Each structure stands twice: as structure tokens, then as C-alpha cells.
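A.B. asks: There's a structure below that I have some questions on.
Read-outs throughout are calculated quantities, based only on the coordinates presented, and are distinct from any laboratory measurement. Computed from a predicted structure; not experimentally measured. Cβ placement follows ideal geometry from the backbone for every residue including glycine, while neighbour counts extend to all protein chains displayed.
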Amino acid sequence: MSVVAHPTDEPNPGRPGGPAQEPPPVRPGVFENGSWRHGELLHEVRSPYDGRLVATVSHASAREVPRGRGPVRALAAADRARVLRDCAEGFEARKAEMAASISAEIGMPVTDAEKEVDRAVRWLQLAAEAVHHLDGTSTRLSGPGGDRLAVTTPQPYRRVLAITPYNRPLAQLIVKVAPAMLAGAPITLKPSERAGASAALAVEILLDRGYPPEYLSLWTGGPDVAQALLADPATDFVAFTGGARGANAVAATAGPRPGCYELGDVGALVVCADADLPAAARAAAQGAFGNAGQSCRGVKRILAAHEVAEEFAGLLVEESAAWRVGDPAERGTRIGTLIDTDAVARVRTAVEAAVRGGAEVMAGGEYRGAQCWPTVLNNVDPEAQLVTEEFLAPLAPVIALTDRALDDLPDSYPGGLQVGVFTRDLDRAMNLAQRLPVGTVVLDDGPQYDHPLAPFGGVGHSGHGRESVLSSARNMCFAKTIVFPAPTQGPR
């Protein structure tokens, strides 16, 4: 199949029927010191599907960012658990509103946006349950100076700065907010400028359900705002999710301050010759096409044993037919849009280059406006840009390798976030799992698997640190040790 485009690359026409809509009111993009206020830069949010104006957010400029925030009152564990439970209920109650905002702003199908809210609720609930598991240790110390007792407890950092991307605008915020409240750490949110409206709504819901205002700040705006927030001496910890270029800029300003950096990956699904091919094809489709492929832990390439690669690609073509591309607001849509037409142009260029290099487009390869149809490619060169750089798009490139090459994969794998492995041979699966230099290996599923209690993070170019309910909360604390003169005497 050749790479084709729809008759027009213009945005989709607006939804028919009904009178012209009044422009939405300007939403304040800054919450600081317990109050909302407008930033000095107006930012129009337009639907990537049809170009209509869906929100206007007043972004901040760098010069508006304060420095030197003061301390906050400590919250008891029971109070933190209550806040987390109440916020979970708040998102459940306003699920439809939150999902509609996400869908309109970034083109995510509304059914996927509802799952995004469900994921946020689950994180908040599990964080509430984990409050009493964030405990310390005690150690008896013996030496020439006599016996002593060292008691070490986690102490929250003065302030956490969370810098998050657009592709999962609610989940990426709550993955930072829930552990921060679990730890008792104040947090400043700096969302992608492409997802400011959804971030502002999320903060509104948190505050409405009792999230302490002094523990929460929001600053929408560009990279200059992130740099200004990093300059605040009270920012002790950085939680960053995004690309390597942004991470390098953040790390250069953050200096030696601790942080957790999740930088994406060209995630692989390994399909061995003895794999359950229909199951592997289903997992590949979900990982490659879910959220229009805009996921850091999605399937970005399929490494299939040469003897089954053709059959597997055919099964993947069949799976792709079920992924309907359409209006993100319609419940039957499974793929909405990419973030903008520039993203589509980059994908299109890479697909065309892969075809010139010998790849065959077996399904998809179609584009319209910011939409990209689910695309299956076979016989992709392992060195093609399409599979050596991360593309946030619904692409399923199949690379045929010998079985021996699959076994030797850990020797040349550059590092990453997660890898999925399909094989019926448990010894082989465990050998790959133990040797692959990635944060997580998922057996009999794709790399897209996640759970709030499973630590998630990368190796090498994919970043460092781990995110989970408890891992993240521990990251946001430092260890405070108090040494008592003697175990039997206690403090004097």
C-alpha cells in the first residue's frame, strides 16, 4: 500500500447544527497564595480536530513568578488521607466535565479521557490508603562512645515542582499531586502550555474538595515560566516528564537538586517465534494505537522473529481495522487527533522515509489535518528514523529479526522505560527480562502496562528515578535522622 493522504489536509469541518457559540470566558491560569489570578498572556486553546476555540487561558510570564515561598503548616497523616479521598470523589463527580475538557483541548477520544479520569481517581485512592506506609526506621548503634539509637523518618521537601507534558494532561498531574500529598509536600504544577485549560480545571476540582491551598500552586505558560519556577530557592525537588531537550534545560537550572526525570522511549514489543501471535497482535495494537500512540510507554516498534513476522503483521492489520478515526467527542471514536498538524507532518515524513528504505505500509498511511490513521508497516529497517526516534503517533512498525538476534537483544539495547515480551518459553522470558537494561519488562503483554503501585521509570536515555504511589512519595522526602544518647534514656 502506498502512503496517501485524504483529499484535504485542512482541519475537519466544524460540527454541524446549532447557533454560533459565544467565545468561552478567559480562564485564569495562575493559582498562587490561595487565590486565582490572570497571567498577562492570553492563550487561545483551539481544538486540534476542527480548529474551534474551546478555551482561553491567561498564561503567566516569567517575570510574574514569585520567589522565596514561606513554610506551610504540617498536616497529620489522617488529614492527608482525608484530602486524597475527598479529591478522588471530586473527580468522580465531575468526570464528564473533566473528560470533555481533555478531549476538546488535545483531541483525545472522550472515552479515553474518561479512563484518564478513572486513572487519576485510582491514584488518589491508593495514595490515601498508603499514608500510614510511609514510615521510618530505627537502628541501635554501638561504639566506643556507648550505645545510641538512630531514628530515621521521611521529611517532606519544602516544595516540589512538577513539569508535565500534554499527552496525558490529567494523569500526569495527579501522578505528581497524589504522592506529594501523601508525603506532605507542597507542590507547584507547571503543565504543558498545550494543556493549560485542563490543568486549571483539575486544580479547581482539587481545591473544591478541600486540597489545602497553601499546598498547591499552578503556573501555566511556556518554558520560561518553568525556568523561573526552578529559580525559586524553596524548590527542593523536581518531578519532570517530557523530552530529553526539555529535561536538559531543566537539569541545567536545577543543578544538584534531586529529581525524578521520565524522558520517554522507543518502546519495544518482542515477539518470539513461539509466541501466541493473536494475543501479541492485540497487545501491539493497544500499545501502538491507544491515545493515538501519544504515550511514553506505548509500543513504538515490534521486534518479531523472522519466521512469524509476516503472519504477525497480517494479524496486526486485522486489529487495526477496529480502530476508528473520527471526532474525539463521539463515543465510537478510538483515535482522535495528534496534538497538531506539525506532529502529523513529522510522522508523514518519517513514514515516507521508511518506505523509501524498503518498508511496506500494510494499513493506514493516511492523514487529514491533525489526524493520523493507524499505520502498520512491515520490513522496517532497524536503523530507520521511524524506530530510532520517539514518535507520538499511531504507528506499528514491524522489524523482522532472527531468533538469535532476539536472544542477543540485551547486549545492544540502549536502555529505556519498558519492554513487552511474548514467548511461551519461561526460561527465555526470564533471561530477557533479567538482562534487558530497562525499568520494567512485561511478560505476555505490551510495554503500555501500568499500575499505580508498580514502580515506573527509565534507564539511560529514558531518565532516572521511579514513579509509583509510594516510590514517588519517598522521592519527595529526605531522610531525617535523630540520634538519641541511649536506647533506654530517650531524648533529654
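A.B. asks: How many Lys pairs in the chain lie less than 22 angstrom apart by Cα atoms, where the lysines are 8 or more positions apart or on different chains?
C.D. replies: Working: Lys95/Lys115; Lys95/Lys176; Lys115/Lys176; Lys115/Lys300; Lys176/Lys190.
Close lysine pairs found across the chain: 5.
A.B. asks: Taking the Cβ of Ala322 as the center, what net charge do the other residues with Cβ under 11 Å away carry, scoring Lys and Arg +1 and Asp and Glu -1? Don't skip to the end; give the middle numbers.
C.D. replies: Values: positive: Arg282, Arg324, Arg334; negative: Glu318, Glu319.
After counting each charged neighbour, the total is +1.
A.B. asks: Which one, Gly29, Thr153, Gly314, is farthest towards the positive end of the dipole of the chain when Lys and Arg carry +1 and Asp and Glu -1 on their Cβ?
C.D. replies: Thr153
A.B. asks: OK, next. Relative contact order (percent) for region 80-186, with alpha-carbon contacts under 8 angstrom and 6 or more residues of separation?
C.D. replies: After rounding, I find 30 percent.
A.B. asks: I'd like the Karplus ³J(HN,Hα) series for region 219-236: coefficients 6.51, -1.76, 1.60, θ = phi - 60°, whole numbers in Hz, and an x wherever there's a Gly or Pro.
C.D. replies: Computed from phi, the couplings for region 219-236 are 9, 8, x, x, x, 5, 5, 4, 5, 5, 5, 5, 6, 5, x, 7, 6, 9 Hz.
A.B. asks: Of Gln286, Leu377, Val419, which is farthest along the charge dipole of region 268-443 in the positive direction, counting Lys and Arg as +1 and Asp and Glu as -1 at C-beta?
C.D. replies: Gln286
A.B. asks: At a 10 Å Cβ-Cβ cut-off, how would you order His461, His59, fewest neighbours first? Intermediate results must be reported in sequence, preceding the final value.
C.D. replies: Working: His461 16, His59 21.
Going from least to most buried by this count: His461, His59.
A.B. asks: I'd like to know which of Gln448, Val469, Met430 lies farthest towards the positive end of the charge dipole of region 407-474, counting +1 on Cβ of Lys and Arg and -1 on Cβ of Asp and Glu.
C.D. replies: Towards the positive end, the residue furthest out is Val469.
A.B. asks: Quick query: amide H of Cys260 versus all other amide H atoms, modeled in the peptide plane; which residues come in under 5 Å with a sequence gap of 5 or more or a different chain?
C.D. replies: HN-HN under 5 Å from Cys260: Val238, Ala239, Phe240.
A.B. asks: Please order Val177, Val26 by the number of other Cβ within 10 Å, starting at the fewest.
C.D. replies: By the 10 Å Cβ count, ascending: Val26, Val177.
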